[in-house]
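Presented below is the structure to which this report refers.
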Amino acid sequence: MPPRATLRTTAKSLPEHARGHNRSLVLQTLYSDGAMSRADLARATGLTRVTISDLVAELIGEALIVEQGTRDESRPGKPATLVDIDRAGFRILGLDLSAHDVFRGALLDLDGRIHERLTAPLAGAGGEAAVAVVVDLARDLAARADVPILGVGVGSPGVVDLAGIVLTAPNLGWHDLPLQERLADALGLPALVANDANVAALAEHSFGDALSDTMLVKIGNGVGAGLLVGGTLLSGARFSAGEIGHVVVGTDGGELCACGKHGCLETWIAVPRLEARLAAAATPAERDDILARAGERLGIAVAPIVGALDLAEVVLSGPAPLLDGPLTRAALDTLRARTMAEFHGDLSLRGSALGEDIVMRGAAAMVLSGRLGVS
């Protein structure tokens, strides 16, 4: 029988732990609030001026923050010198491996703005050939950076553990692939790899309008979800939280899924399946009916999760022409019909405004969190 989990750590708190926390607190405050003086930082963080002075000097020495001149003040005395994160001094290399035909990559600044883009056709590659495409794409992007790269973030399909090992990504023929380690070794840069839907949820949290308790459903070649509860991303006991694509929705059978079951959510709303059914539709009314039935199945799959986790909103990420309209309306109607109106009557279901850049921007958010402790 496995040992019981404890709610409180039994490890001794060391001085370096407090210093690491204080560093992250200073960086998070500057990242969120912008340039301020050392005195402002002390007031905002609750740290002493001596501690702030030492941390600022350390972070300036590491080129993570910079002085930005003095603030115009009418008060007598020496004007305060402002400091801020060096937002233009670094790039983040973000990769999106979620599409079935192409890998996307970008160089982003610390505010998540994209400065360079590249794509690499997959051309049916799998296994080591697909890994080579990823590495070559990352190298090509790194060569375009004119400032240091803070780190590499990757959103990969499949189940990915906390060490960046792709445990399984069947469409790419990857099993137990240490992609994070492979990229770090190939590029000589810190790298972080996570499931693409989880990475998309991070993007919505950092650069979108996500609430603290949110489910992001990513609909593309497959279907997956990222779950934020209390602002924290859930990974699950086997790193597969949010793997809803192969949940059977309904008891009326359905199309055969690649996993061998009939009627999985992916057979209803994965983009290739949905587009194929829409192409065979004879009239606009038939098309709307196809989308509505897909939305109903999405609502069936998501409703128990909304109820179990008391989520405030569901965000959809995928092709807007498919998701906007009948599909979203039917999904929301089904959600409300299958949850308690007292608690979920005002549940929000909306599309993401981040478009196809969502995974690359989430990769940037992951690097910011992992390298600087900010979000």
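Check whether at least one residue in the range 353-360 is of a type in the set (D, E, K, R) and under 18 Å from GLY208 (Cα atoms), and report yes or no. Talk me through it step by step, then tell me what you get.
Step one: filter the range 353-360 for residues of a type in the set (D, E, K, R), giving 356-357.
The next check asks that each one be under 18 Å from GLY208 (Cα atoms); those that pass are 356-357.
Yes; the residues of the range 353-360 include at least one that is of a type in the set (D, E, K, R) and under 18 Å from GLY208 (Cα atoms).
Somewhere in the range 308-315, is a residue farther than 16 Å from ALA225 by Cα and part of a helix (DSSP H, G or I)? No, the range 308-315 contains no residue that is farther than 16 Å from ALA225 by Cα and part of a helix (DSSP H, G or I). Within the range 244-255, residues that are free of Cβ contacts under 8 Å to residues at least 12 places away in the same chain reach partners that are part of a loop (DSSP other than H, G, I, E, B) with beta carbons closer than 8 Å, at six or more positions or on different chains, in the pairs ASP252/GLY263; GLY253/GLY263. Within the range 223-246, the residues that satisfy the criterion of being among the small types (Gly, Ala, Ser) and in contact with a helix residue (DSSP H, G or I) (Cβ under 6 Å, 6 or more places away or on another chain) are GLY224, ALA225, GLY226, GLY242, GLY245. Inspect all residues belonging to the range 155-175 and state whether any of them is more than 26 Å from ARG238 (Cα to Cα), surrounded by 16 or more Cβ atoms within 10 Å (Cβ to Cβ), out of contact with any Asp or Glu (no Cβ under 6 Å at 6 or more places or on another chain) and outside the structural domain of ASP213 (by TED's automatic domain parsing). Within the range 155-175 (the criterion being more than 26 Å from ARG238 (Cα to Cα), surrounded by 16 or more Cβ atoms within 10 Å (Cβ to Cβ), out of contact with any Asp or Glu (no Cβ under 6 Å at 6 or more places or on another chain) and outside the structural domain of ASP213 (by TED's automatic domain parsing)), the answer is no, since none of the residues qualifies. In the range 24-45, the residues that are more than 14 Å from LEU59 (Cα to Cα) and without any contact (Cβ under 8 Å) to a residue 60 or more places away in the chain never reach a residue that is part of a helix (DSSP H, G or I) and among the aromatic types (Phe, Trp, Tyr) with C-beta atoms less than 6 angstrom apart, at least six apart or across chains. One residue stands out among those in the range 88-133 that are within 18 Å of SER156 (Cβ to Cβ), touching a Lys or Arg at 6+ places or on another chain (Cβ under 9 Å) and without any contact (Cβ under 8 Å) to a residue 60 or more places away in the chain: the one that is surrounded by the fewest Cβ atoms within 10 Å (Cβ to Cβ), which is THR119. State whether the residues of the range 276-291 include one that is within 25 Å of the chain's Cα centre (by Cα), in the same structural domain as CYS257 (by TED's automatic domain parsing) and not in a strand (DSSP E or B). No, every residue in the range 276-291 fails to be within 25 Å of the chain's Cα centre (by Cα), in the same structural domain as CYS257 (by TED's automatic domain parsing) and not in a strand (DSSP E or B).
Mind telling me which of the residues ARG297, ARG277 ends up being free of Cβ contacts under 8 Å to residues at least 24 places away in the same chain and under 26 Å from HIS100 (Cα atoms)? Explain how you work it out, then say what you get.
Details: ARG297 fails: free of Cβ contacts under 8 Å to residues at least 24 places away in the same chain.
Criteria check complete, one pass: ARG277.
The strands (runs of 3 or more DSSP E) located wholly in the range 147-219 that include 1 or more residues which are under 15 Å from the mean Cα position of the chain (by Cα) occupy 149-156, 191-195, 214-219.
Take the residues in the range 201-222 that are modelled with pLDDT of 90 or more, out of contact with any helix residue (DSSP H, G or I) (no Cβ under 6 Å at 6 or more places or on another chain) and within 24 Å of ASP109 (Cα to Cα), then tell me which one is surrounded by the most Cβ atoms within 10 Å (Cβ to Cβ). Ranking the candidates gives ALA201 first.
The values are calculated or read from the model by the stated rules, or taken from the named source; none is laboratory data. This is a predicted model, so every value here is computed, not measured. Positions of Cβ are backbone-derived with ideal geometry, glycine not excepted, and every protein chain shown enters the neighbour counts.
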